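Here the structure is laid out as structure tokens; the discussion comes afterwards.
The values are calculated or read from the model by the stated rules, or taken from the named source; none is laboratory data. Computed from a predicted model, the values in this text were never measured in an experiment. Because the Cβ atoms are built from the backbone with ideal geometry, glycine has one as well, and the counts that use them run over all protein chains shown. All accessible areas refer to the heavy atoms of the entire protein, side chains included, with ligands and DNA or RNA removed. Shrake-Rupley method; radii C 1.70, N 1.55, O 1.52, S 1.80 Å.
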Amino acid sequence: MRIAIFTDAYPPFINGVSTSCFNLANSLMAKGHDVLVIAPRSTDGKLEQIGNVLYVPGLNLKKFYGYRLTNLFANKPISIVKKFKPDVIHNQTDFTIGVLARRCAKRLKVPIVYTYHTSYEDYTYYVTHGVFDRFAKRFVRDYSKDLANRMTEFITPSDKTKEYMRLVGSDTYINVIPTGIDFSIFKPEQIDQEKTAQFKAEHHIKPNTKVFLILGRIAKEKSMDVSLRGIAAYHSKHPEVDIKVLVVGGGPYREDLELLSESLGISHFVDFIGPVPSTEVPFYYNLCDIYTSASITETQGLTFMEAMAAEKIVLARFDSNLTGTIINGKTGFFFTDDASFVSQVEKIFTLTSEQKDAIIKDANAVLDTYSIEKFYDNIVRVYQRAIRKCW
């Protein structure tokens, strides 16, 4: 098959959608399919195809994670896609690249598959700043429902997102396909130990130091402040424990987090690393004892699975979306507030080697559900069904 993938995020841009699209494109090409990815440039520049990626220029939205607003009415990208002759278009976004995808599908008369990665209700405050936010959320619900009804095939990465679509009134058929991940790159044996030793020396991480990792886009809805407050509560109760917190990622909420760490009195052991290339992410997982996240806006929770693949203990704020992946005390741990955060950390730090090994073993068994092979098989079946609908 020939597949055109439209996305607003692609490496070197780092987030869950970027990872999902990168894994999708690579898995398809590995099986012999032809893939063209259409994505915004991460920097200013012209329309340009490099390898199998067509980079489209656009206006940088600095206050919205650095996404780029591309030209809705550009015809040259459509001409390039037309020459590619796709059998199916896979749209991954609602931004202007998504509009371009729908224009292409209509003009070329090919089926369009859509993956609904994000519940946009969680992001309306970036536009409204609290003014008429209820109206904005209502608009998003109606838009999402209408969008689903206009796609040839519709995909969500989790049951939680499917339930949201039912809640907004969509009765279209929904394929639930978790994003596939190449877990092999996160294994400890893949990590440069000399580089690890050098990093630990530079960041004063000693053999007895307990390392917490907070990783991802630093934005309000990710609730990283909740994790920092939990860590501060643990430090207050156990000041004798040597702690290091690594915050890896960039975003509009970084300054607020830095100020929070100072006000909590923990800034001396919190290191803000900043954004890193996707190829460096496994390195940081393998530095930590606990990967923690308080986000409850994830549609699937890729970072939790990546941490589990790196054989690290996961401590997550409870979210029903994660219950199939994190089984409390068996494949990871849940917390709900500062007190439970502290008690769970105490429990984790008293685990025996045998207990840790059992958790890692059970976590790896869960991860098999999200293998690249299963992801590929599920996606191809959807493509084939979409094509048959347009015969």
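List the residues whose amide H sits under 5 Å from the amide H of Ile313, counting only those 5 or more places along or on another chain, with H placed 1.01 Å from N in the peptide plane.
Here the answer is Tyr291, since their amide H atoms fall under 5 Å of that of Ile313.
Pick out which of Ile326, Ile313, Ile174 has the largest mean-square fluctuation in a Gaussian network model of the chain, springs linking Cα atoms closer than 10 Å.
Checking each option, the largest mean-square fluctuation is seen for Ile174.
Do the alpha carbons of any pairs in Lys220/Lys347; Lys187/Lys347; Lys31/Lys195; Lys106/Lys222 sit beyond 32 Å of each other, and which pairs?
Result: Lys31/Lys195; Lys106/Lys222 exceed 32 Å.
For a quick check of your reading of the filter: which trypsin sites (Lys or Arg not before Pro) in the stretch 312-389 sit in a DSSP loop and have no more than 14 other Cβ atoms within 10 Å?
Lys330
If r is the Cβ-Cβ distance from Asn52 to Val176 and R0 is 35 Å, what FRET efficiency results, to the nearest 0.05?
Here the calculated transfer efficiency is 0.80.
How far, in nm, would the chain grow between Ala30 and Lys347 when pulled straight, counting 0.36 nm per residue and subtracting the alpha carbon separation?
109.8 nm
Nearest 500 deg cm²/dmol is fine: what mean residue ellipticity at 222 nm does the chain get from its DSSP H runs of n ≥ 4 alone, each adding -39,500 (n - 2.57), divided by its residue count? Write down the numbers at each step before the final one.
On the way: 14 runs with 159 residues, N = 391.
So the helix-based figure for the chain works out to -12500 deg cm²/dmol.
Report the FRET efficiency, 1/(1 + (r/R0)^6), for Leu167 and His203, where r is their Cβ-Cβ distance and R0 is 51 Å, rounded to 0.05.
0.70
Can you tell me the FRET efficiency between Glu354 and Tyr143 if r is taken as the Cβ-Cβ distance and R0 is 56 Å, rounded to the nearest 0.05?
0.65
Tell me, what % of the accessible area of the chain is carbon and sulfur with a 1.4 angstrom probe?
Values: 9560 of 17970 Å².
C and S atoms contribute 53 percent here.
Counting heavy atoms of the protein chains only and a 1.4 Å probe, report the per residue accessible area for the chain as a whole number of Å².
Counting only protein heavy atoms, the per-residue value for the chain is 46 Å².
Compute the helix-to-body angle for 133-149: its Cα long axis versus the longest principal axis of the chain, expressed 0 to 90° and rounded to tens.
In the chain, helix 133-149 runs at an angle near 50 degrees to the longest axis.
Considering all alpha-carbon pairs of the stretch 148-200, what whole percent are spaced by more than 12 angstrom?
On the way: 1008 of 1378 pairs.
Of the Cα pairs, 73 percent sit more than 12 Å apart.
Just grab the label-to-label distance for Ser79 and Arg381, each label 7 Å out from Cα along the Cβ direction, in nm (one decimal).
Reported label-point gap for Ser79 and Arg381 is 4.1 nm.
Please work out how much length the chain gains when fully extended from Ile185 to Asp338, using 0.36 nm per residue of separation minus the C-alpha to C-alpha distance, in nm with one decimal.
51.8 nm
When Lys and Arg each count +1 and Asp and Glu each count -1, what net charge do the other residues less than 14 Å away from Pro11, Cβ to Cβ, add up to? Please report the intermediate quantities before stating the final value.
Values: positive: Arg41; negative: Asp8, Asp182, Glu280.
Charge balance near Pro11 sits at -2.
Enumerate the calculated ³J(HN,Hα) couplings along the stretch 196-211 in order (Karplus 6.51 cos²θ - 1.76 cosθ + 1.60, θ = phi - 60°), each rounded to whole Hz, writing x wherever the residue is Gly or Pro.
Residue by residue, the stretch 196-211 yields 4, 4, 5, 5, 4, 5, 5, 10, 6, 9, 8, x, 8, 6, 9, 9 Hz.
Normalized C-alpha radius of gyration of the stretch 277-391, against 2.2 N^0.38 Å?
Normalised Rg, Cα atoms only: 1.26.
Using the reciprocal of the averaged 1/r over all distinct C-alpha pairs, how large is the Kirkwood radius of the chain in Å?
22.1
On full extension of the chain, what length is gained from Ser278 through Glu258, given 0.36 nm per residue of separation minus the C-alpha to C-alpha distance?
On the way: separation 20, 0.36 × 20 = 7.20 nm, distance 2.32 nm.
My answer for the length gained is 4.9 nm.
Restricting to the chain, compute how many DSSP beta bridges are antiparallel as a %, nearest 5.
Details: 7 of 50 bridges.
Counting DSSP beta bridges with both partners in the chain, the antiparallel share is about 15 percent.
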